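Following: one structure in structure tokens, then a few remarks.
Nothing in this text is a laboratory measurement; each read-out follows from the coordinates by a stated rule. Quick caveat: nothing in here was measured; it's all calculated off a predicted structure. Glycine also receives a Cβ, built like all others from the backbone with ideal geometry; neighbour counts cover every protein chain displayed.
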Amino acid sequence: MNRRPSFLTVAFMLITLSVVSFTAGAVTQSNNNPKETSEDVYKYLNPFVDALAIIREKYVDVDKTNPKDLIYGALQGMVATLDPFSQFMPPEDYKEMQTETSGKFGGLGIEIALKDDRLTVISPIEGTPADRAGIKAGDKIVKINDEKTDMMTINDAVKRLRGKIGTKVTITIVREGLNEPFDVTIVRDAIKIESIRSYMLPGDIGYVRISEFIENTTEDFVNAVNALQKQSPLKGLVIDLRNDPGGLLNEAVGVSDYFGEDGKTIVSTEGRSVNQNQVFHVTEGDKFDKKKPVVVMVNEGSASGAEIVAGALKDWKRGVLIGTKTFGKGSVQTILPLDNSDGAALRLTMAKYFTPNHICIHGIGIDPDLDLKDHDISESTLKVYSKQMPEKFAQELVKKKIEVTADMAITPKMMEDFYAYCAKNVKKIDKDELKKDQDYLKNSLLVELIREKLGEKEAREDAVIRDPQVLIAEQIIKNDGKISKELLAKYPVKKADKDAVAGEKKLEEERKKPKDDDQQ
């Protein structure tokens, strides 16, 4: 009984300090909540303090009543009510976040977020263990090592997914179009983010892949385009933003700037504070030749910064977008280190961004000009990928001293041996289903053979050259940046989802309305 009075004294001091903070911020908040005062906020803190004191005094497991853990847990819960992208970061999580921006960290190689209250893959990072295991944008992670994720925060999930290099983690995936969840076991590895990759495609068409917008992405992108130009004057350029989860705003603006006309709006941000309202314009400087066509490749894993680039080029009518609708993350997070803490910070959504035509795509995404649905693979093929059969079978073939060249072909005998290998190592698969996906499996097997024998760089280049969507991008470039009637007939253009747009506008209007408590 001696603990509660002393704890309440500390709690009173906590509230007193909070009231000082709220009073200091009252001027900046008065425009949004004219009737809300520091006393109103103080009133709502009372039950928090009471609950904290009671838990400290009465909860059965004393070792779970550490005040720091309880308050940090409450902060995480509070911020989680805002949106999937805002986070309270304890000191250790803040340090981990800082290691991510350096471009090298350990893990599986996936970007995750909470979408519809479920742990969702935004995108796998190309060339990582998750990518090679067949993880796709939009996959729902329902278990990590048999532990359900429905009550996990992003921080909790990240801690469980990361671990010592070489160790295994099993995730249970729910994927749209499949009847049952399935397990994928992945070996953790060091993740090195390679922001830019570039190749010369047939017909003097440049290809540049942006995997994520990190420091120096703009400079590396421009250098890559210039290097391709030196190889041969380009007829056009393909920018691949598929599975690009975004990253640094200034780098996305910089890449967009390379294709714009001086003075045009690239993107604008709007928030509650005046200093969050910014408009980014195209600056003077070297630009990509405006006479040369550009194709931008996107999919459901293209988010945030990738959508800034895609939105700008689409609104300017400077590039043709092909692929599938983008993720729809049109918000800007700011990292705010917390004063008087031991190194904690907030990642807080403080603004939304708008495309040059002042379209907010948050929660909606950007529709491509040509909608190319990814290949729907069968459940048996999915199982084969989840067990990394193409990679393992390629290793077996290399051991047999098979000759591997970049232009080699996968023979029918190889495919029959591959099917037999899969049947031996993967339970409950249908050979007929695998045969329906034969072209897809052939390409994957060939890429893995090249990776094993010739190296990662050659394998990635071969995968790009054989990519069906890249081949379509080449067709559009060769047609002077226009989508042919044949392509439009094969892939009918989808109309924008007017209901979704209207729903977002209505939601914005509702947010701006004063609450009942504020109305007279």
Averaging over all projection directions, find the projected area of the Cα convex hull of segment 104-192 and quote it in nm² with one decimal place.
5.2 nm²
Nearest-0.05 FRET efficiency for Glu284 and Gln229 at R0 = 22 Å, using Cβ-Cβ distance, is 0.65
Sequence-distant or interchain residues sharing an amide H contact under 5 Å with His362, placed H: which?
Gly330
Excluding Arg460 itself, what net charge comes from residues whose Cβ is under 15 Å from its Cβ, given Lys and Arg +1 and Asp and Glu -1?
-3
For the chain, what does the relative contact order come out to in percent, with C-alpha contacts under 8 Å and a separation of six or more?
11 percent
Which far-off residues, 5 or more places away or on another chain, put their amide H under 5 Å from the one on Leu372, with H placed in the peptide plane?
Gly323, Thr324
Taking neighbour Cβ counts within 10 Å as the exposure measure, how do Lys290, Lys383 sort from fewest upward?
Lys290, Lys383
hull vol. (C-alpha, convex hull) per residue for segment 253-328, Å³ -> 91 Å³
Within the P(r) computed for segment 207-343, what percentage of the Cα pairs occupies the region above 23 Å?
34 percent
Give me log10 I(q)/I(0) at q = 0.13, 0.18, 0.22, 0.28 Å⁻¹ for segment 318-384, Debye formula, one equal scatterer per alpha-carbon, no solvent.
-0.64, -0.82, -0.96, -1.17
antiparallel share of DSSP beta bridges within the chain, to nearest 5, in %, is 75 percent
Most exposed first by the Cβ proxy, i.e. fewest other Cβ within 10 Å, how do Glu379, Glu39 rank?
Glu39, Glu379
Full-extension gain between Asn357 and Lys95, please, as 0.36 nm times their residue separation minus the C-alpha to C-alpha distance.
90.5 nm
Using Cα centres only, tell me the gap between segment 261-325 and segment 146-220 in whole Å.
24 Å
Using only the Cα atoms of the chain, construct the convex hull and provide its projected area averaged over every direction, in square nanometres to one decimal.
28.8 nm²
For segment 261-405, what is the convex hull volume of the alpha-carbon atoms per residue, in Å³?
251 Å³
CD proxy, 222 nm, the chain: helix-only mean residue ellipticity via -39,500 (n - 2.57) per DSSP H run with n ≥ 4, per residue, nearest 500, stands at -13000 deg cm²/dmol
Starting from the Cα of Leu454, move 7 Å in the Cα-to-Cβ direction to define the label point; list residues of segment 405-421 whose amide nitrogen is under 12 Å from there.
405-409
The chain: angle of helix 67-80 to the longest principal axis, Cα-based, in degrees nearest 10:
60 degrees
How much length would be gained if the chain were fully extended between Glu215 and Lys159, taking 0.36 nm per residue of separation minus their Cα-Cα distance, in nm to one decimal?
17.7 nm
Along principal axes, largest first, the alpha-carbon spread of segment 379-473 in whole Å comes out as 34, 34, 22
How would you rank Tyr385, Tyr59, Tyr421, going from fewest to most other Cβ atoms within 10 Å of each one's own Cβ?
Tyr59, Tyr421, Tyr385
Ala74 to Glu396: FRET efficiency via 1/(1 + (r/R0)^6), r the Cβ-Cβ distance, R0 56 Å, to the nearest 0.05?
0.55
Given the Cα-Cα distance of Glu270 and Thr405 and 0.36 nm per residue of separation, how much length would full extension add, in nm?
43.3 nm
Using the structure shown, select from Lys95/Lys192; Lys164/Lys427; Lys413/Lys442; Lys392/Lys442; Lys95/Lys164 the pairs with a Cα to Cα distance greater than 20 angstrom.
Lys164/Lys427
